[in-house]
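The values are calculated or read from the model by the stated rules, or taken from the named source; none is laboratory data. All of these numbers come straight from a predicted model, not from anything done at the bench. Please note: Cβ atoms are built from the backbone with ideal geometry, for glycine as well, and neighbour counts cover all protein chains shown.
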Amino acid sequence: MVYVDEYPKTSKLVRSEFIVAFGALAIGAIFGVIQALHRTGVFRGFVSSADYYTLLTAHGVLLALVFTTFFIAGLFSWAVSNSLERELPHRIAWAAFWVMLVGTVMAAVAIIGGLVGAPSILGHSLQADVLFTFYAPMKAHPAFYLGAALIIVGSWVAGGAYFKSLWEWRSENPDERIPLRTFMVVTTMLMWYISTIGVAVEVVVFLIPWSLGLIQNVDPLLTRTLFWYFGHPVVYFWLMPAYLVWYTVLPKLAGGRLFSDPLARVVFVLFLLLSTPVGFHHQYVDPGIPEGFKFIAMTNTMFLLLPSLLTAFTVVASMEHGARQRGATGYLSWLRNLPWGNPAFAGCALAGLMFAAGGFSGMINAGMNINYLIHNTLWVPGHFHLTVGTAFALTAMAISYWLVPQITGKKLQRRSLAVAQPYVWFIGMTLMSNAMHRAGLAGIPRRTAEPTYDEFAFEGVAGTVGEMRIQIAIGGFLLFVGAALFLIVMAETFLARRGGTLSVNGTLPDPLSGAEHSPRILDNYKLWTAIALVLIVIAYGPPLASMIADGITAPGSPPIPV
């Protein structure tokens, strides 16, 4: 396949977005391995326990917000441009990139500034040890909140480019169904616009004025609720792009075709409806929220199992079709005929397998009663490292092996490293996440530089606790190695000379069951958005009204120094 760049402006944008994403991944991975070694006591020579929280904040923000948002922007830019066969609106798309980049720099300066002893800015000392879950009463420097706000605003602007492209395409093709990849992008962005309302209000109305000293007190319960209104849907902002890859590219990598376009559309509509009214399941132990509304959140969360189960069926069926096209027979022996030596396929398939395990642990998180057993323990990071840390991150790395050669016109370099990388990541995550889940069941807390309970201290290597400690350290180190292998491959590919023929083919085959087999109402965004908003009002309206009323008479608490 000779390289022909049909959409050079969009390809340049995608390359820029990926470069920022990979830079965030590199720094976040370094901070991650330092945390793993420090938290387990294997090696504590990098940072003090006081500075551990700065690295923890940077790790969470860089990987869960910066890496994800920039990579998703790049993936979505490619998906819309490629499926609608047109360049993205150039000025809008680049404006989004620069707004997000400025926000990233501001947040990074606020976080790292406290670590290196930078001078005060805006009359406040630089610091942001508030972790990724930023809500009162812990307070960061105003630059941190301004930066986080700009990253989100930039993602909104990027969505404007996707919507404008779709509007132009529909004006030219009024009777055609929306191409599946664009349908997935637009549905994801609608969910994102709805779910980020909470964090936007939290940051702009409360945290920025509070951090500047314009208001003295804020209500911790209200800011916590507004954060978690966004804090769980953001998981689906990470996962829906992975689903886009699993539905549209993975079947091709397996040698087959997507089993059902209609089922894929149903899944994304369900995510739009159900992703947001679930945040109270993060607040089961919070007073001030009626139990009935926590129950509603639990029920909605359990309903979210449906699109995941539909995805498991559809994606596995698509892979089986590919294997049988390659000559496979038998009930399960077809698995051997899949291209496990292709790093793009192997990474996506292993990410999906790991996400299934994350779904099972997520059911524990969602249950009102059993959640009390694992709340605020190492179980929780064990769970989300399976979701954002593998389902999204490993899929992003895997699809880069297929997509980066197409947007650069350069052959993938260091293929042997690329082939090994998904397996190194998978083994590392299996070790670390398994030990974290078990440590959580033993009551070992999360978010601490060291356990706060003597009976659960990570001391010595003997016994069950010692074994879990070593597993976490080894797993974290292997994840760092996996990230390093990926970044080496990407760096050499970006720096390689263009020319010759590519090792990948970017053409995607038509699904076995196409869009024409699904009802047109699935493309009615106005209807599904309206239903989603009604469900949110039911789930959040009365509790938020009560919190606001209480805040008028009892304006909250002063900040806790960090």
- Test set (1) touching a Leu at 6+ places or on another chain (Cβ under 6 Å); (2) in a helix (DSSP H, G or I); (3) over 28 Å from P179 (Cα atoms) - A93 fails condition number: (3)
- Message: Testing Y284 on (1) out of contact with any Leu (no Cβ under 7 Å at 6 or more places or on another chain); (2) in a helix (DSSP H, G or I); (3) closer than 30 Å to I374 by Cβ, one condition comes back false. Which one is that?
- Response: (2)
- Hey, among S400, S416, which residue is without any contact (Cβ under 8 Å) to a residue 12 or more places away in the chain, farther than 30 Å from I364 by Cβ and in a helix (DSSP H, G or I)? S416
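Please tell me if I370 is within 28 Å of M468 (Cβ to Cβ) and without any contact (Cβ under 8 Å) to a residue 12 or more places away in the chain. Let's see the steps before the verdict.
Working: within 28 Å of M468 (Cβ to Cβ): yes; without any contact (Cβ under 8 Å) to a residue 12 or more places away in the chain: yes.
For I370, the condition - within 28 Å of M468 (Cβ to Cβ) and without any contact (Cβ under 8 Å) to a residue 12 or more places away in the chain - is met.
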- Message: From the list G322, G330, exactly one residue is in contact with a Leu (Cβ under 8 Å, 6 or more places away or on another chain) and over 21 Å from A393 (Cβ atoms). Which is it?
- Response: G322
- Query: touching an Asp or Glu at 6+ places or on another chain (Cβ under 9 Å) and in contact (Cβ under 8 Å) with a residue 60 or more places away in the chain: does that describe M354?
  - Reply: no
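Picking from P405, P422, which residue would you name as being touching a Lys or Arg at 6+ places or on another chain (Cβ under 7 Å) and either in a helix (DSSP H, G or I) or polar (S, T, N, Q) (or both)? Full working, then the answer.
Working: P422 fails: touching a Lys or Arg at 6+ places or on another chain (Cβ under 7 Å).
Residue meeting the stated conditions: P405.
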- Could you figure out which of (1) in a helix (DSSP H, G or I); (2) within 19 Å of the chain's Cα centre (by Cα); (3) among the aromatic types (F, W, Y) isn't true of F132? (1)
- Among (1) crowded, with 24+ Cβ neighbours inside 10 Å; (2) farther than 24 Å from L13 by Cα; (3) at pLDDT below 95; (4) not β-branched (V, I, T), which single condition is F384 missing? (1)
- Item | Lone unmet requirement of (1) modelled with pLDDT of 90 or more; (2) under 22 Å from H385 (Cα atoms) for W94 | (2)
- Per the filter on segment 284-298, residues farther than 16 Å from V234 by Cα and surrounded by 15 or more Cβ atoms within 10 Å (Cβ to Cβ) are Y284, G288, I289, F293, K294, I296, M298
- Could you tell me which of the residues P555, P542 is more than 27 Å from the chain's Cα centre (by Cα) and either modelled with pLDDT of 80 or more or part of a helix (DSSP H, G or I) (or both)? P542
- Residues being surrounded by 24 or more Cβ atoms within 10 Å (Cβ to Cβ) and not hydrophobic (A, V, I, L, M, F, W, C) - total across segment 394-420: 3
- Test L55 against the criterion of being farther than 18 Å from G475 by Cα and in contact with a Leu (Cβ under 9 Å, 6 or more places away or on another chain), and give yes or no. yes
- Pair list, Cβ under 6 Å, 6 or more apart: segment 202-213 residue hydroxyl-bearing (S, T, Y), other residue assigned to a helix (DSSP H, G or I): S211/P142; S211/Y145
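If we keep just the residues of segment 428-471 that are farther than 22 Å from T133 by Cα and not in a helix (DSSP H, G or I), which is modelled with the lowest pLDDT? I'd like the intermediate steps shown before the answer.
Looking only at segment 428-471, we keep the residues that are farther than 22 Å from T133 by Cα, and these are 428-431, 434-435, 438, 441-442, 453-471.
Keeping just the survivors that are not in a helix (DSSP H, G or I) gives 442, 453, 457-462.
On the way: A442: 84, Y453: 52, A457: 56, F458: 52, E459: 51, G460: 44, V461: 38, A462: 42.
The qualifying residue modelled with the lowest pLDDT is V461.
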- Just one of (1) within 17 Å of the chain's Cα centre (by Cα); (2) in a helix (DSSP H, G or I) trips up T276, so point out which. (2)
- Query: Of all residues in segment 13-45, how many are part of a loop (DSSP other than H, G, I, E, B) and touching a residue at least 40 places away in the same chain (Cβ under 8 Å)?
  - Reply: 2
- Only one of (1) outside any helix (DSSP H, G or I); (2) in contact with a helix residue (DSSP H, G or I) (Cβ under 6 Å, 6 or more places away or on another chain) fails for N369. Which number is that? (2)
- Please determine, by comparing only the residues of segment 213-250 that are polar (S, T, N, Q) and more than 23 Å from H282 (Cα to Cα), which one is nearest to the chain's Cα centre (by Cα). T248
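Evaluate the following for A484: is it out of contact with any helix residue (DSSP H, G or I) (no Cβ under 6 Å at 6 or more places or on another chain), of a type outside the set (F, W, Y), at pLDDT 90 or above and buried (at least 16 other Cβ atoms within 10 Å of the Cβ)?
Numbers: out of contact with any helix residue (DSSP H, G or I) (no Cβ under 6 Å at 6 or more places or on another chain): yes; of a type outside the set (F, W, Y): yes; at pLDDT 90 or above: yes; buried (at least 16 other Cβ atoms within 10 Å of the Cβ): yes.
When the stated conditions are applied, A484 passes them.
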- Message: So, T311, is that one within 18 Å of the chain's Cα centre (by Cα), more than 17 Å from N434 (Cβ to Cβ) and in a helix (DSSP H, G or I) or not?
- Response: yes
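Can G322 be described as touching a residue at least 60 places away in the same chain (Cβ under 8 Å) and closer than 15 Å to W246 by Cβ?
Values: touching a residue at least 60 places away in the same chain (Cβ under 8 Å): yes; closer than 15 Å to W246 by Cβ: yes.
Yes: the conditions hold for G322.
Please verify whether W167 is more than 20 Å from F70 (Cβ to Cβ), in a helix (DSSP H, G or I) and hydrophobic (A, V, I, L, M, F, W, C), treating the condition exactly as stated. Step through it out loud before you land on a result.
Details: more than 20 Å from F70 (Cβ to Cβ): yes; in a helix (DSSP H, G or I): yes; hydrophobic (A, V, I, L, M, F, W, C): yes.
For W167, the condition - more than 20 Å from F70 (Cβ to Cβ), in a helix (DSSP H, G or I) and hydrophobic (A, V, I, L, M, F, W, C) - is met.
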- Item | Of residues in segment 492-520 being exposed (fewer than 12 other Cβ atoms within 10 Å of the Cβ) and closer than 21 Å to L417 by Cα, the one modelled with the highest pLDDT | L495
